[in-house]
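Comments concern the structure below.
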Amino acid sequence: MKDYGHIMIWTLPFALFGLIETIRRIREPVFRIILIGWLATPIATAFVEVGISRTMSIVFTMAILTAIGFDKFIAWIENPINRLNYWIEDKSPSRLKIISSSVVLLSGVIVSILVSKTIDKVTIFFFAFILALQISGLLNPIAKRIKDFSFLKHWNVCQTQISWSVFIVLFSVNMFMFVDALRNGPTWYKTYGLGGMQYGAFQVFEPIQEYAMQHPETRVLFSPAWTNGTDVIVRFFLDDDSPILFHSILGYIDNKLQIDNNTLFIMTKEEYNIAIQSEKLTDFQIENTIPCPDGTTCFYFVRLRYSDIADELFAQEKALRQQLQESTIKINGEDVKIRHTYLEADDQNLSIQLIFDNDPYTFVKTYEANPFVIELTFPTPRIINGFSIIIGSVEVSITMTAYSAPGANPVSYQFEGQGYFESPELSFDFPEPIMVQMLHIEQLDIYAGEPNKNHIWEITFR
């Protein structure tokens, strides 16, 4: 919920009082468990980046601390004389208590200065101040003076009044949040696509079904790019024999596919903006639109066709992809010239580096080529005994052609292997050590043709 946070800011004082009470009673097992649970909550995000699902664990412990603090507050409201008597029974200030409380307060001041956010500064200082006051023993003389106030002698608040007051306040807050979510939730965030609210569901499926019934001869292609788990949503809203197909217009921009007069595309706003800028498409006819909650258009029902120059543009792009891409990468800190197959990536230079980054979890894939060709030219000759390659769960044929120097006679070896999900790495040794300055590598997916997405996670030499 926008601007709400995981924990309401006005409950922070109760949480702080609850934390102080928990620390004060740390010798009791129940309070030790609560404190350990609270201290353990950052572990969920300690080794990975912060995410809402990983930070939710702190809500449970903070709710417990808030309840403890709120219970202490209610006890004060119900009978302040008893609470003051408890403080009066405590020992008066001593030299050791004053020194200890001063250390706590000074530590809190230093930490509050070091943090950047104002709310953190106030919270840390408030916590240190209350804790120092509790340790110092100064509450004894303060309680004696407060107890002499005349209005406390006539204080009378029953539990029924307190219970109803708490219920009304909490109920009102929850109802306010509920109404706010229903009324303003759809416009809290204006990103309605895959990276945001993923707005759609019945708002888009009902018009699609109605359109398909009215135009049975039309091939309806609905974009799956607006939400996660589109196949699950489809099974919920549409019948298994529904004529609606799921294709993105982006696939028709990247590759020449069939578009006839009976083809209707239902695309997102982002896809529509890309489509109208493409020189491959023309004659856009918008038959319907579905608005977003903020009034902008979320989905377009569009008929279109390929332009007269589309075939020429596709041919030019294919010719470009068939050329080996050239760049310079780092392998073990050394600059190495590389030529490689065109990749499915926005930045060819940065992506090809992933094969040699010593990270088995990063990978690259070809745009359509099979085999995957990589050609390395090292600054100086070196001896290579073998190599390892992470390929995933496919069966491949790998051809290594080595040149001791550019233009020298090649030495070629061919290896075959099957990668598995549990063990995707293959390792091969050359029959004998070879001197290499230029190395030509071809990785062929044996049971796939072309186009095909060939993947490589990592290549290491030894």
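The single condition from (1) of a type in the set (A, V, I, L, M); (2) touching a residue at least 24 places away in the same chain (Cβ under 8 Å); (3) under 30 Å from Ile459 (Cβ atoms) that Leu320 fails is (2). Among the criteria (1) under 38 Å from the mean Cα position of the chain (by Cα); (2) surrounded by fewer than 18 Cβ atoms within 10 Å (Cβ to Cβ); (3) within 17 Å of Lys330 (Cα to Cα); (4) not aliphatic (A, V, I, L, M), the one Gln437 does not fulfil is (1). Criterion applied to Glu326, Glu334 was being in contact with a Lys or Arg (Cβ under 9 Å, 6 or more places away or on another chain), in contact (Cβ under 8 Å) with a residue 12 or more places away in the chain and farther than 30 Å from Glu422 by Cα, and the one residue passing it is Glu326.
Looking across the range 244-257 at every residue that is assigned to a loop (DSSP other than H, G, I, E, B) and surrounded by 15 or more Cβ atoms within 10 Å (Cβ to Cβ), the one that is modelled with the lowest pLDDT is identified as Ile244. Here Tyr211 clears all of (1) within 22 Å of Thr296 (Cβ to Cβ); (2) within 33 Å of the chain's Cα centre (by Cα) except the condition numbered (2). Condition (residue is in contact with a helix residue (DSSP H, G or I) (Cβ under 8 Å, 6 or more places away or on another chain), crowded, with 16+ Cβ neighbours inside 10 Å and more than 15 Å from Thr460 (Cβ to Cβ)) applied to the range 374-387: is it met by at least one residue? For the range 374-387, residues in contact with a helix residue (DSSP H, G or I) (Cβ under 8 Å, 6 or more places away or on another chain), crowded, with 16+ Cβ neighbours inside 10 Å and more than 15 Å from Thr460 (Cβ to Cβ): absent.
Please work out if Met62 is surrounded by fewer than 17 Cβ atoms within 10 Å (Cβ to Cβ), within 32 Å of the chain's Cα centre (by Cα) and over 21 Å from Ser136 (Cα atoms). Taking the combined requirement at face value, the residue does not satisfy it. For Ser242, the requirement of being of a type in the set (S, T, N, Q) and more than 23 Å from Thr297 (Cα to Cα) is met.
From the list Ile276, Ile290, the lone residue that is surrounded by 12 or more Cβ atoms within 10 Å (Cβ to Cβ) and touching a Cys at 6+ places or on another chain (Cβ under 6 Å) is Ile290.
Within the option set Met1, Met56, being closer than 26 Å to Asn174 by Cβ, surrounded by 11 or more Cβ atoms within 10 Å (Cβ to Cβ) and not assigned by TED's automatic domain parsing to the domain that holds Phe176 holds for one residue only, Met1. Applying a threshold of 9 Å to beta carbon distances and a minimum spacing of six or more residues, or different chains, the list of pairs starting in the range 8-33 at a residue that is touching a residue at least 12 places away in the same chain (Cβ under 8 Å) and ending at one that is outside any helix (DSSP H, G or I) and surrounded by 13 or more Cβ atoms within 10 Å (Cβ to Cβ) reads Ala15/Ile7.
All but one of (1) surrounded by fewer than 18 Cβ atoms within 10 Å (Cβ to Cβ); (2) modelled with pLDDT of 90 or more; (3) under 29 Å from the mean Cα position of the chain (by Cα); (4) closer than 19 Å to Glu326 by Cα hold for Ser351; which doesn't? Here Ser351 meets the rest and fails (1). Can you work out which of the residues in the range 152-205 that are of a type in the set (Phe, Trp, Tyr) and within 27 Å of the chain's Cα centre (by Cα) is farthest from Gly295 (Cα to Cα)? Across the range 152-205, the extreme among qualifying residues is Phe178. Restricting Phe387, Phe430, Phe372, Phe421 to those that are of a type in the set (Phe, Trp, Tyr), modelled with pLDDT of 90 or more and more than 26 Å from Ser327 (Cβ to Cβ) reduces the list to Phe430.
Taking the range 304-325 as the range and being loosely packed, with under 14 Cβ neighbours inside 10 Å and not in a helix (DSSP H, G or I) as the test, the residues that pass are Asp308, Ile309, Gln323, Leu324. Looking only at residues in the range 4-20 that are among the β-branched types (Val, Ile, Thr) and surrounded by 11 or more Cβ atoms within 10 Å (Cβ to Cβ), the one that is farthest from Met62 (Cα to Cα) is Ile20.
The values are calculated or read from the model by the stated rules, or taken from the named source; none is laboratory data. These numbers come from a predicted model, not from an experiment. Glycine gets a Cβ as well: all are built from the backbone with ideal geometry, and neighbour counts include every protein chain shown.
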